[in-house]
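Novice: This structure is in structure tokens; I'll ask about it shortly.
The values are calculated or read from the model by the stated rules, or taken from the named source; none is laboratory data. All values reported here derive from a predicted model rather than from experimental measurement. Every residue, glycine among them, receives a Cβ derived from its backbone with ideal geometry; neighbour counts consider all protein chains shown.
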Amino acid sequence: MTAPRVEMACQTCLAPLNTLGVPPAYVHPTHLATDGHEPVPVPVSQLDTVRRSCDFCGDPYPIWTLHGGDVTAIAIGPTTGLVQGFGHSWAACATCHTHIDEGRNAKLIDRAVQALGLANHPPARQRIEELHQAFLNSRLPGRTLITTTAWPATTITATGLPKVRDRLTRFYRGTDNLPAALGIDDARQQIATGLERSHLYWIDNDFTDLAEHAAAQLPGVHISRDLIPSADGMLIWPRPVTHRQLTAASWTDTIDGWEMVLYRSIGAGLDGKPLQRLREQIGWLAPMSAARLPEQHLIAGDHPAAALVATWLLIAQQTAEVTTAGVDKTVAKTYARTNRLVPEVRIVRIRGRRTIPGPDGEPKPGSQGRSQNSRFWVSGHWRNQAHGPGRSLRRPVYIHPFLRGPDDAPIRLSTTVRMLNSRQTKPQDHK
């Protein structure tokens, strides 16, 4: 029996790779523009992001994998050169999937030929239609959510968080498939139950900047129940964080630890019926990676969840100030109709830092009890702090950047000041 072929992508450009010859060699798709680099094949399951496109129209934001017969065809176009269809699994964008679901094959072909610049080339249109129809005639039931598409950012507001949580919970309880590489097929119902009872946390922009900065320096941390702010929870950052572009995370309490899932936002750039269907069927978030974390599991600084753990640590120390947000009126009415309590959304902000000694004579940060004739910046960093029974345990505590030296002394001119910056691009508002 032949083992199933492992899908590979190029680690350099994140594009899925085709195979050529026997034994097979991995090559970039012919129609893909590259800088000429050689493919660096890695299994798709090892990547958070894969540079796929819709196999029907070439849209760069596919959302579903459809399954059918093993169809391979090539059509030559006068301007684009090559249109290809490979294998029994095709990626579909939200708009093409809407046309397919509604049986609007002519609209599907119109979209494809317009995107490929072939609208005025009838022979090319006919070949593309034959290719699409060959796949659709052998299409199998079901679909799989594509979780590796790098969507533009979508801002999720604190007031809308309960609705985002509910749509995600409904998706987990539904019948649409998730990629096997996520490894959570047997935990979907457990994750959904955990989301239903989860505490909701929305992290403000300044706290997000701090958490991302701290995550880049995170030492190894053993996670424990006294570190995590609630047994079950869902946390949203207002913009994607770290190079993994995380938007949210959820954790579900289990007998021996937690089921943790990291998410990206989806749907930005869509409108009309495709956007409406995506929001109804999936929501605003798609899982990127998942892990089962036992009690005292060591999270290293390069772990996918480093930003989440840094955020937990900052909430656990005196850095965090937690307030509550009002819930969107429409969401509140929905909860009232179903006799459910309106959930509380916790907004996490940076607590104001003291700049003068307290009444107990606590010294200012950085005071050394000795004379200094200048001030200089001390960069933010982690420091182990004793805690627990007999102060026998250690937990990383983040020390904010601060000026060391007398208040009336000049700042040393050679000092490098490191500022926390927000992203310059403005993400699309939550819709």
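Novice: What number of residues within region 219-234 satisfy the criterion of being in contact with a helix residue (DSSP H, G or I) (Cβ under 8 Å, 6 or more places away or on another chain) and either among the small types (Gly, Ala, Ser) or not assigned by TED's automatic domain parsing to the domain that holds Glu196 (or both)?
Specialist: 0
Novice: Also, I was wondering about something else. Step by step: first the residues of region 249-290, then only those that are over 30 Å from Arg225 (Cα atoms) and of a type in the set (S, T, N, Q), then the one that is surrounded by the fewest Cβ atoms within 10 Å (Cβ to Cβ). Which residue is that?
Specialist: Among those residues, the one meeting the criterion is Gln276.
Novice: Residue by residue through region 132-161, note down the ones that are out of contact with any His (no Cβ under 9 Å at 6 or more places or on another chain) and surrounded by fewer than 18 Cβ atoms within 10 Å (Cβ to Cβ).
Specialist: Of everything in region 132-161, those that are out of contact with any His (no Cβ under 9 Å at 6 or more places or on another chain) and surrounded by fewer than 18 Cβ atoms within 10 Å (Cβ to Cβ) turn out to be Gln133, Ala134, Asn137, Ala150, Pro152.
Novice: Out of the strands (runs of 3 or more DSSP E) lying entirely within region 224-330, which hold 2 or more residues that are under 19 Å from Ala153 (Cα atoms)?
Specialist: Of the strands (runs of 3 or more DSSP E) lying wholly inside region 224-330, those with at least 2 residues that are under 19 Å from Ala153 (Cα atoms) span 233-241, 246-254, 257-265, 285-294.
Novice: Cβ-Cβ distance below 9 Å, separation of 6 or more or different chains: which pairs start in region 221-244 with a residue that is in contact (Cβ under 8 Å) with a residue 60 or more places away in the chain and end on one that is crowded, with 21+ Cβ neighbours inside 10 Å and of a type in the set (Asp, Glu)?
Specialist: Final answer for the pair search is Trp237/Glu212; Val241/Glu212; Thr242/Glu212.
Novice: Do any helices (runs of 4 or more DSSP H) entirely within region 147-218 hold 2 or more residues that are in the same structural domain as Thr324 (by TED's automatic domain parsing) and among the hydroxyl-bearing types (Ser, Thr, Tyr), and if so, which?
Specialist: Of the helices (runs of 4 or more DSSP H) lying wholly inside region 147-218, those with at least 2 residues that are in the same structural domain as Thr324 (by TED's automatic domain parsing) and among the hydroxyl-bearing types (Ser, Thr, Tyr) span 161-173.
Novice: Another question about this same structure. Which pairs turn up if I take residues in region 109-128 that are free of Cβ contacts under 8 Å to residues at least 60 places away in the same chain and look for partners that are surrounded by 18 or more Cβ atoms within 10 Å (Cβ to Cβ) and acidic (Asp, Glu) with beta carbon separation below 7 Å, at least 6 apart in sequence or on another chain?
Specialist: none
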